[in-house]
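Reviewing the structure listed below.
The values are calculated or read from the model by the stated rules, or taken from the named source; none is laboratory data. Keep in mind it's a predicted model, so treat the numbers as computed, not measured. Backbone-built Cβ (ideal geometry, glycine too); neighbour counts: all protein chains shown.
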Amino acid sequence: MTKRILALFAIIICITLIIKAQGLKLLDAKDAVVGAMRTEKYLPMLENKHVGVVANQTSIMDDGTHLIDTLLSCGIDLVKIFTPEHGFRGTADEGASIASGVDEKTGIAIVSLYGKNKKPTAEQLQGIDILVFDLQDVGCRFYTYISTMTYVMEAAAENGIPMIVLDRPNPNGFYVDGPVLEPENASFVGMHCVPIVYGLTIGEYALMVNGEGWLTDGVKCNLTVIPMGKYDRDAIYKLPVKPSPNLPNWESVYLYPSLCLFEGTDVSVGRGTDMPFQVYGHPAMTDDFVFIPRTAEGHRAPLYADKECHGKNLVEYAHRYRKNEKKLNLSWILDARRQLKDDDKFFNNYFIKLAGVADLQQKIDSAFTEDEIRSSWKDGIDNYLKIREKYLIY
C-alpha cells in the first residue's frame, strides 16, 4: 500500500510540473477577440456624434483593416485623429518630435500627442462629442502609450467628453514585477505608482487610473471599456503589427521589460540592428556574441553606431519562455555592470526615471544579488496587487 501511495504522489507531482511548465502559452493576437472587433458594443454609442480617435498603426481589425477605415465605412463622422509617440504610422524614432498634419488617405486632421503637446487642448477637442482610444500596449510602465491615455482621459474629463477604450491583449500580462514607482520620480515614462510590469490590459489600466483618482485633481473620466472575448491572461501574444519601430517581434516584446532598463545605461540593446531588444552589448564587454549598430529608419542615431559591440543574444532565452520564471530578469544588467565595473558613466540620468526608484541604481552599483534587490520590491508589489485586483476584467 505504501508503495502505491508513493507512486500516486509521484504521478501527481509529475502532472503538476507538466501543467506548470505548459501554463504559459504563445498565442496569436487573433486568438482573442479585441475590443475593436466588437463593433456591436460601441458603434451605437458613436452614431450621430462627432468622433475623435486616438490611434496608430496598431489600431487594426482582424483582417488588417484600420479602425479609421472601419469607422468611416460604417458612416461614423470621424473629425479628428490623435496619435502618440512614433506617429500615426508608427515609424518615428523613440523620443523623436512628431508633427501634426493630415492623413493623406482620408484627409482627416491628425494631432500629435508627443513632444510639447502631450495632452489634447480644449481647442483641439472643440467640436468632438466622444473619443475612441485604441492603441496596442506592451504592459510596461515606461511604455508611453499608457501615459498618452492618461492625458487623454484627463482632457476628456475636463472638457466633459465621454471616452471609449477598445481593449487589446497585454503580451506581458502574465506577471507583475519590478519596483513600484516613487511619486518624486514620476515622468512621461512612468506617471503612476505601479510596478514596471503591472499585469493589466490597457482597458483595465484605464479603469484603475480612473477609479483610483489618479487624474489631476481627482477628476473622473466618463469612461467605457469595450472588453475582449477569449482573452487568456496566462499567455504571450504575438502582435500582428509592430507596436513601435524597435519592437519588431514577440521575442523583443517579451524581453523588453527587462532590457529597457539598459536604456538608462551606456549599454546597447541592439537599436540599429535587426535584433533590437533581443541583444545587449558594449564595445568593452568580453562576450562572444558580436553586433554592430547602424543608422536606419526608426533608429536615427543608435548607441555605438558602426562600432563592434560584444554581448549576449537572448533570442534562445525567449524561446524557452515556458521554463523561464515569470519575472524581470536582472541577471543581464548585473552581468553588464560587473563586466564594466570601472565604467563611471555606466548609468545616465534616464535610469532613475525608467526604474521609478532611486535605490535600484545604488543596489546594482553595490553588487547586490538579484534576490536581495527583488526582496526590496515585495511590500510595494503586495500593496499594488490589492489595488489591481479591483480592476481585473478577465
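Overview of results
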{"quantity": "Residues that are out of contact with any Asp or Glu (no Cβ under 7 Å at 6 or more places or on another chain), surrounded by fewer than 20 Cβ atoms within 10 Å (Cβ to Cβ) and under 23 Å from Lys242 (Cβ atoms), drawn from region 305-318", "calculated": "Ala305, Asn313, Glu316, Tyr317"}
{"quantity": "Residues satisfying the stated conditions in region 50-76, i.e. hydroxyl-bearing (Ser, Thr, Tyr) and either part of a strand (DSSP E or B) or in contact (Cβ under 8 Å) with a residue 12 or more places away in the chain (or both)", "calculated": "Thr58, Ser59, Thr70"}
{"quantity": "Within region 29-61, considering residues that are loosely packed, with under 14 Cβ neighbours inside 10 Å and charged (D, E, K, R), the one farthest from Ala235 (Cα to Cα)", "calculated": "Glu47"}
{"quantity": "In region 71-92, residue modelled with the highest pLDDT [restricted to those that are crowded, with 20+ Cβ neighbours inside 10 Å and charged (D, E, K, R)]", "calculated": "Lys80"}
{"quantity": "Residues being in contact with a strand residue (DSSP E or B) (Cβ under 8 Å, 6 or more places away or on another chain), closer than 17 Å to Pro245 by Cα and either surrounded by fewer than 22 Cβ atoms within 10 Å (Cβ to Cβ) or acidic (Asp, Glu) (or both) - total across region 264-282", "calculated": "2"}
{"quantity": "Failed condition for Asn348, given (1) closer than 22 Å to Asp371 by Cβ; (2) exposed (fewer than 15 other Cβ atoms within 10 Å of the Cβ); (3) in contact (Cβ under 8 Å) with a residue 24 or more places away in the chain", "calculated": "(1)"}
{"quantity": "Count of residues meeting criterion [closer than 15 Å to Tyr175 by Cβ and among the charged types (D, E, K, R)] in region 375-388", "calculated": "3"}
{"quantity": "Members of region 12-49 that are modelled with pLDDT of 95 or more and hydrophobic (A, V, I, L, M, F, W, C)", "calculated": "Leu24, Leu26, Leu27, Ala32, Val33, Val34, Ala36, Met37, Leu43, Met45, Leu46"}
{"quantity": "Matching residues in region 325-364 - criterion: being within 24 Å of His192 (Cα to Cα) and of a type in the set (Asp, Glu)", "calculated": "Asp359"}
